[in-house]
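Reviewing the structure listed below.
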Number of protein chains: 2
Amino acid sequence: MKWKRSERLVDMTQYLMEHPHKLIPLTFFANLYQSAKSSISEDLTIVKETFEARGRGLLVTVPGAAGGVKFIPTVAEEDVLEIAEDLMTQLSKVDRLLPGGYLYMTDLLGNPSLMNKIGKVFASAFANSKIDAIMTVATKGIPIAHAIARHLNVPVVIVRRDSKVTEGPTVSINYVSGSARRIQTMVLSKRSMEKGRRVLITDDFMKVGGTINGMKSLLEEFNCELAGIAVLVEAEHQGEQLVDDYLSLVKLHEVNEKDGTIALTQGNYFEKGGKLNESSINN
Amino acid sequence: MKWKRSERLVDMTQYLMEHPHKLIPLTFFANLYQSAKSSISEDLTIVKETFEARGRGLLVTVPGAAGGVKFIPTVAEEDVLEIAEDLMTQLSKVDRLLPGGYLYMTDLLGNPSLMNKIGKVFASAFANSKIDAIMTVATKGIPIAHAIARHLNVPVVIVRRDSKVTEGPTVSINYVSGSARRIQTMVLSKRSMEKGRRVLITDDFMKVGGTINGMKSLLEEFNCELAGIAVLVEAEHQGEQLVDDYLSLVKLHEVNEKDGTIALTQGNYFEKGGKLNESSINN
């Protein structure tokens, strides 16, 4: 089959979107479409300019014999704002209030289109950091972790509260869960991570940061490095904050069960401009 | 900004891929690109023909005033075969063997690119069924459930082993876990599903089918309907099979801890041609 430019553009866009952060040699496309490398180069220029004009991603060219192109998903600043605003509108609905001042968020975490957007926002924010894996704790962090991981093309590592026979040998640590100051346990399969990996920790909700601190301890046990922390919703609270360097999309200030009010603002993503860099995240 | 055809094709492909199974009016694209509807129609024909030539999806046109186009992700038969073969090669590695004849699969479930492919395979197989939600049980089924859900544009509903304060009121059922014949409990947040929904159940692994049977009981409690069952790996076993109408991608025949052998074949997807239809899945 001989491919026309218009067909190549459609197929190439689809291929690039399904292979983010992967270096694709020009010869791959040249063979796939039975076209000259010069035509492929022109195609890629069109794709690049369109992606970049709309703020939907970067197309990075790596020169040389081992070179090629790499698609880096990004989210335009106004789109991040829209996602956060939408999230705040949804979270501020009174019927989300649960006894104890908790917020029902399960429906949002079960919305794959929303998770996809949020995953892309965080993947975009950490696109320049070297990240080898995304870590979260079961259950609620999993959709976000997978969404980020897909856009960064790295594996997901899931920490559990208890060990399962299907996980093989595990490493277990104790940590102090934040607000309640209870000692809890988390376990991670030994096979799930090699030493020396740079890991982005993520979760749906962070208050004092006990759970995230637990995951940081696990990283040490595995001789891995923290590459960053991304949380969907952080909650303001009295007292000590255990985690200080993180990105959040939304901040929960106050939940008043009596009045039925939920006070939310933008998370620190918007102060930090989503541009946490290497030097700011090596605590 | 005035858009050229080549730019529209790139942007449109990206937009359609991010909004599967969603009806998009032609006027949406016409406004977005400041172009005549006739030009948009021609663009969409190119997109459609390219998607369909490569077996990467269908572009369905809905005529009339309330009409538009809908992108239905599909996977070409040879690509499904390749995914299944790759999965079998990976699963047959001896170091996956765990005590008790279990197989370590956590790394595969943590691979977002593999999950994306598998999600698309099942979304493609059930593209013609009316599906309102994907249900799975925590923890290991979640990545597959989200991957299917994203390609079908429907929410994910997660059943848990225990109730959490963040879930609000829950409905709980007891079920008989297959091989061990133990009574176990599963719970689902009352808010997570409205009655009358058609639900696709999925899980990473099925032996006797006890867990999936439990989810079927939960569907009844919620007055919801079973729309289908999709499992990644089914395991052959002696004795009664509790679930009979499902799609599996891979079948595990025998695990021999002593010899270190793992016998796998293709799942019933390849017999059923991935084409379970409405009439065959209303048990």
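Brief remarks on what is shown
- Inter-chain shielding of A:108-117 (mean C-beta neighbours from other protein chains, 10 Å cut-off): 6
- For the stretch B:5-73, averaging the sequence separation of C-alpha pairs within contact (under 8 Å, six or more residues apart) and dividing by the residue count gives a relative contact order of 39 percent.
- The modelled label-to-label distance for the pair residue B:85/residue B:4, using points 7 Å beyond Cα in the direction of Cβ, is 4.0 nm.
- Ranked list, fewest to most other Cβ atoms within 10 Å of each Cβ, for B:201, A:46: A:46, B:201
- Neighbouring partner chain Cβ atoms per residue of A:11-17, average, 10 Å criterion: 6
- Across peptide A:138-148, the average count of Cβ atoms from other chains found within 10 Å of a residue's Cβ is 5.
- Take residue A:42, push a point 7 Å out from Cα through the beta-carbon direction, and compare it with the same point in every other copy: 1.8 nm, smallest first.
- To the nearest ten degrees, helix B:142-152 and the longest principal axis of the Cα atoms of chain B are 30 degrees apart.
- Note on residue A:92/residue B:259: beta-carbon distance plugged into 1/(1 + (r/R0)^6) with R0 of 60 Å gives a FRET efficiency of 0.50.
- Close amide H contacts of residue A:205 (hydrogens built in the peptide plane, cut-off under 5 Å, sequence separation of 5 or more or a different chain): A:232, A:233.
- Most positive-pole-ward Cα, B:88, B:57, B:75, against dipole of the stretch B:54-101 from beta carbon charges: B:57
- Near residue B:58: Cβ cut-off under 13 Å, other residues only, Lys/Arg at +1 and Asp/Glu at -1. The net charge is +3.
- Likely footprinting exposure, A:204, B:107, A:162, fewest C-beta neighbours within 10 Å first: A:162, B:107, A:204
- Dipole magnitude of chain A, debye to nearest 20 (Cβ charges: Lys/Arg +1, Asp/Glu -1, about Cα centre): 1000
- Each other copy places its own label point for residue A:220 at 5.2 nm from this one, sorted shortest first, where the point lies 7 Å along the Cα-to-beta carbon line.
- Two-site FRET efficiency, residue A:177 against residue B:172, from Cβ-Cβ distance with R₀ of 25 Å, rounded to 0.05: 0.55
- For chain A, averaging the sequence separation of C-alpha pairs within contact (under 8 Å, six or more residues apart) and dividing by the residue count gives a relative contact order of 14 percent.
- Principal axis box of the stretch B:77-280, alpha-carbon based, largest edge first, Å: 48, 37, 30
- Taken about its Cα centre, the stretch B:1-73 carries a charge dipole of about 40 debye when Lys and Arg each add +1 at the Cβ and Asp and Glu each add -1 at the Cβ.
- Label-reachable residues, the stretch B:64-85, where backbone N falls under 11 Å from a point 7 Å from residue B:27's Cα toward its Cβ: B:65-67
- Extreme residue, positive dipole direction of the stretch B:77-280, given options B:159, B:243, B:142 (C-beta unit charges): B:159
- Where both bridge residues fall in chain B, DSSP classifies roughly 55% of the beta bridges as antiparallel.
- Label-point distances for residue A:166 to the equivalent site in the other copies, using a point 7 angstrom along Cα→C-beta, read 2.2 nm when ranked shortest first.
Bear in mind these aren't lab numbers, they're just calculated from the coordinates by the rules spelled out. Only a predicted model underlies this, so the values are computations on that prediction, with no experimental measurement involved. Note that each Cβ is placed from the backbone with ideal geometry, even for glycine, and that neighbours are counted across all protein chains shown.
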